[in-house]
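Written out below as structure tokens is the structure these notes cover.
The values are calculated or read from the model by the stated rules, or taken from the named source; none is laboratory data. This is a predicted model, so every value here is computed, not measured. Every residue, glycine among them, receives a Cβ derived from its backbone with ideal geometry; neighbour counts consider all protein chains shown.
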Amino acid sequence: MNTYSFETKDVAEKQLGNGKVSVYDFGSVKLHTYITNDALSDTAYLIEADKEFIGIETPAFYDDLKAYSSYIKQSGKPLNHLFLAYHTALPENYTGRVYATENYVKSVTKGSIKGLLDNFKNIFGDSFNTSIPKVTNIIKEGKVNIAGIEFIIRNKDDGYIIEIPACNSIYIHMAGSDVHNILPSVEYIDSAINDMQQYKQKNYTLILTSHYKPETIELADIKTGYLKSIKEIYAANKNKEDFIASVKNKYPKYSGENYLQMTADMLYK
């Protein structure tokens, strides 16, 4: 794999709505990162090909979806392809293709993703888009070529991860060097630790997530330490109140307290 070292000149930034877009130039492709700064810290990605965009995930709130659509329109290139791995909202009047796996389809209709949508609807009301997308292209594990760009699909829990060789990057749902994640079980935590070690071995240039900014491969070590600590804290506490207090004491500056609460609810159910 190729590796890249970014300097300030390689990353252009632009305000968009309440958030910002950062554009990483990899030469053959550009990666547009829309950090919304919404209540869930949603982040959406656009891979810019020669004549069109390929999206990876979308914002979840209507206002951010409008800003997202406006940004694409102003670019002069259409969004014709969209990977949805864990998120569900589509831009208004979107007519392109939607790519997802069979396990994603099951999860958004009657699985864990559907449960999250229902929960978020109760919390955020009409500002949150809970629509279920129509998947036009079912994809399987392995390589898929879209608009001349190769992607590698790997199943992961109810969604999937996406490797992007053209920019030596990988998209996963949640990570972040100083943010809590949704960790539903000890088995899931062990799997996440193993994943981080694999990412480190592959030495990706960027790790992309739905709820944080892109980060370099150093994230793998940081997140591994966090995951191991969460596992230890869970083993040492008999109820979720003490668990949450202990995690906050260990990581006082971490954001994503709503995700920590969700983790506690699932670990101590």
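The set of residues from segment 81-99 being without any contact (Cβ under 8 Å) to a residue 60 or more places away in the chain and either closer than 17 Å to E141 by Cα or not assigned by TED's automatic domain parsing to the domain that holds K143 (or both) comprises L82, L84, V98, Y99. Taking segment 130-157 as the range and being closer than 21 Å to P59 by Cα, among the polar types (S, T, N, Q) and modelled with pLDDT of 95 or more as the test, the residues that pass are T136, N137. When the residues of segment 45-77 are filtered to those that are in a strand (DSSP E or B) and in contact (Cβ under 8 Å) with a residue 60 or more places away in the chain, the one that is surrounded by the fewest Cβ atoms within 10 Å (Cβ to Cβ) is F61.
Residues in segment 186-196: is at least one in the same structural domain as Y259 (by TED's automatic domain parsing) and over 24 Å from Q261 (Cβ atoms)? Yes.
Can T101 be described as under 27 Å from A49 (Cα atoms), surrounded by 12 or more Cβ atoms within 10 Å (Cβ to Cβ), among the β-branched types (V, I, T) and out of contact with any Pro (no Cβ under 6 Å at 6 or more places or on another chain)? Here the answer is yes, as T101 does meet what is asked. Of the numbered criteria (1) in contact with a Lys or Arg (Cβ under 9 Å, 6 or more places away or on another chain); (2) surrounded by fewer than 18 Cβ atoms within 10 Å (Cβ to Cβ), the one F151 fails is (2). The numbered conditions (1) in contact with a Cys (Cβ under 9 Å, 6 or more places away or on another chain); (2) part of a strand (DSSP E or B) are all true for K20 except (1).
Among the residues of segment 13-33, those identified as polar (S, T, N, Q) and surrounded by 15 or more Cβ atoms within 10 Å (Cβ to Cβ) are S22, T33. Does segment 194-207 contain at least one residue that is surrounded by fewer than 19 Cβ atoms within 10 Å (Cβ to Cβ) and of a type in the set (A, V, I, L, M, F, W, C)? No: segment 194-207 contains no residue that is surrounded by fewer than 19 Cβ atoms within 10 Å (Cβ to Cβ) and of a type in the set (A, V, I, L, M, F, W, C).
Whenever a residue of segment 238-255 is under 14 Å from Y226 (Cβ atoms), its partners that are of a type in the set (D, E), lying with C-beta atoms within less than 6 angstrom and at least six residues away or across chains, give the pairs Y254/D178. Is it the case that D190 is under 19 Å from D221 (Cβ atoms) and at pLDDT 95 or above? For D190, the condition - under 19 Å from D221 (Cβ atoms) and at pLDDT 95 or above - is met.
Within segment 133-191, the set of residues being charged (D, E, K, R) and outside any helix (DSSP H, G or I) comprises K134, K140, E141, K143, E150, R154, K156, D157, D158, E163, D178.
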